[in-house]
Amino acid sequence: MRNDLLGALAAIVGEKNVLAGEREAAPYLTDWRRQFSGPAACVVRPASTAEVSDAVRLCAQAGVAIVPQGGNTGLVGGSVPTGARPEIVLQLGRMNRIRALDTLNDTVTAEAGCVLADLQRAAEEAGRLFALSLAAEGSCQIGGNLATNAGGVNVLRYGNARDQVLGLEAVLPDGRVWDGLRGLRKDNTGYDLKQLFVGAEGTLGVITAAVLKLHPKPTASATAWIAAEDPARVVALLGHIRAACGDRLSAFELVSRNCVDAVLAHRQGIADPLPARQAQWFVLAQLDDSGTHSALGARLEQAIAEAIERSIARDAAIAKNEDQRRRLWSIRESIPEAQFTNVKHDVSVPISRIPAFVERCGAALGRAFPGEPVYCFGHVGDGNLHYNVGRPALVARRDEVNRIVYEAVDALGGSISAEHGLGQLKRDEIARHKPAIELELMRAVKRALDPQGLMNPGKVL
């Protein structure tokens, strides 16, 4: 890249916020799992929407591509450059202000670089709940969460990231700013433009701020670790607890025995909640509501007792205090790091078809790769399973494993990416699973908004 362009970018954001040296730029050029990496001419760190706009306009005039980046915690290589053409990384971490928090409208307006945990904390201090919650919340940023339509553990009750958004501010590929920061719950005036950018992984523009929904802060919670015989009973248990507890059910996480064993081997200080009952499947369920912990706990305990009586569940451990609740959640949260290197999948199927998927896919993998373990866990309440296969050596045969898993997903009307997005990892694979007309429509939107193809090239399409 020409030195005059680097100088012009430095004039916009300040010289210290243009990282062009190999060592200082390196952390932004590789994803956190070290699966994807590519060179960039520099990393640009703007501090305002105006600086983003000026930087994008400058790059558009020079024909230089832009890779928007938040916390760089993604799992599909969507936030790092490919190196296929001249690119800069536009790192938004300095744009971390909360612009407004309206408790009467139950909204918060936050810039793209706000760390998710900080946003949750600000809502809590105001007596509210920001519902998006996921494992990387201590480092992921809300702009990236929206760009990837992040999911997490509360989707069952509150929906995905796109369901948390009322308004959006975005910088278009030519540098113009679209100010759609409206905190309206009803606005029936044409296309819902904000939803074009949510889930687009930065390929249509740069999200710079958003108006997000807040919810009443629960005053009580109840958490249980429940053993079940098989996935069919897990799905039946979901229906039973929802019928008994209604919308109080905020999380319903599936955990296989292999996952529990991996966590126990990986982390000291974590105990098996049901050591005497070696079931193959477990559920981590949580209720949240107003009122008292004891009343809500009694409601959950009664629902579980009825489930055991009906042979839907086998046994359960119910948290009696906050420390026990955290210990149960630490098992679920430790699963990804406990089996870090294998063939990972983020898939979804209709909830009713989860048992068929687990049975069909497990049998096919067992025939193809005898003895290789399957680590199945995830958000069964919304049909999203993280289905990770094998030991590290199996990664070399990723394509063979993927073919088996994705065939089962397709046969059951599912998706090969439930919440992680496509990025680089699944960019080519998606062409084998989406109808041609869907891809044609996606490309038409891309051409309309980004005719030069400058926004995050090599991702999604």
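The values are calculated or read from the model by the stated rules, or taken from the named source; none is laboratory data. None of these values were measured; they are calculated from a predicted model. Every residue, glycine among them, receives a Cβ derived from its backbone with ideal geometry; neighbour counts consider all protein chains shown.
Summary of values
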| read-out | value |
| --- | --- |
| Selection status of residue 203, of a type outside the set (Gly, Ala, Ser) and in a loop (DSSP other than H, G, I, E, B) | yes |
| Matching option when the condition is touching a residue at least 40 places away in the same chain (Cβ under 8 Å), closer than 26 Å to residue 421 by Cα and not assigned by TED's automatic domain parsing to the domain that holds residue 383, among 253, 306, 229 | 253 |
| Failed condition for residue 61, given (1) buried (at least 21 other Cβ atoms within 10 Å of the Cβ); (2) over 27 Å from residue 420 (Cα atoms); (3) of a type outside the set (Lys, Arg) | (1) |
| For residue 85: the one exception among (1) of a type in the set (Lys, Arg); (2) over 20 Å from residue 170 (Cα atoms); (3) part of a helix (DSSP H, G or I) | (3) |
| Cross-chain or 6+ apart pairs with Cβ under 6 Å, the range 378-397 first and in a loop (DSSP other than H, G, I, E, B), then aliphatic (A, V, I, L, M) and buried (at least 20 other Cβ atoms within 10 Å of the Cβ) | 383/349; 390/343 |
| Residue in the range 99-117 that is farthest from residue 147 (Cα to Cα), counting only those that are surrounded by fewer than 17 Cβ atoms within 10 Å (Cβ to Cβ) and without any contact (Cβ under 8 Å) to a residue 60 or more places away in the chain | 104 |
| Among the candidates 394, 365, residue that is at pLDDT 95 or above, over 17 Å from the mean Cα position of the chain (by Cα) and surrounded by fewer than 20 Cβ atoms within 10 Å (Cβ to Cβ) | 394 |
| Lone unmet requirement of (1) closer than 25 Å to residue 48 by Cβ; (2) in contact with a helix residue (DSSP H, G or I) (Cβ under 8 Å, 6 or more places away or on another chain); (3) not hydrophobic (A, V, I, L, M, F, W, C) for residue 194 | (2) |
| Among the candidates 431, 408, residue that is in contact with a helix residue (DSSP H, G or I) (Cβ under 7 Å, 6 or more places away or on another chain), within 20 Å of residue 231 (Cα to Cα) and part of a helix (DSSP H, G or I) | 408 |
| One residue from 150, 200 being within 17 Å of residue 114 (Cα to Cα) and crowded, with 21+ Cβ neighbours inside 10 Å | 150 |
| The range 329-346 residues that are under 21 Å from residue 425 (Cβ atoms), paired with ones that are charged (D, E, K, R) and in a helix (DSSP H, G or I) (beta carbon under 6 Å, 6 or more apart) | 343/398 |
| Selected residue (only one of 415, 352, 348 is surrounded by 23 or more Cβ atoms within 10 Å (Cβ to Cβ), among the hydroxyl-bearing types (Ser, Thr, Tyr) and at pLDDT 95 or above) | 348 |
| Answer residue from the range 14-58, given it is assigned to a helix (DSSP H, G or I) and among the acidic types (Asp, Glu) and is surrounded by the most Cβ atoms within 10 Å (Cβ to Cβ) among those | 51 |
| The range 425-461, residues that are at positive phi and out of contact with any Asp or Glu (no Cβ under 7 Å at 6 or more places or on another chain) | 453, 458 |
| Some residue of the range 96-109 being farther than 25 Å from residue 193 by Cβ and either modelled with pLDDT under 95 or not assigned by TED's automatic domain parsing to the domain that holds residue 204 (or both) | no |
| Identity of the residue in the range 427-461, over 23 Å from the mean Cα position of the chain (by Cα) and aliphatic (A, V, I, L, M), that ends up nearest to residue 74 (Cα to Cα) | 454 |
| Residue tally, condition in contact with a Lys or Arg (Cβ under 8 Å, 6 or more places away or on another chain), under 21 Å from residue 230 (Cα atoms) and in a helix (DSSP H, G or I), over the range 295-345 | 1 |
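Each row is one residue, and each column tells you yes or no for (1) closer than 28 Å to residue 129 by Cα; (2) crowded, with 21+ Cβ neighbours inside 10 Å.
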site: 182; (1), (2): yes, no
site: 186; (1), (2): yes, no
site: 193; (1), (2): yes, no
site: 205; (1), (2): no, yes
site: 209; (1), (2): yes, yes
site: 218; (1), (2): yes, no
site: 229; (1), (2): no, no
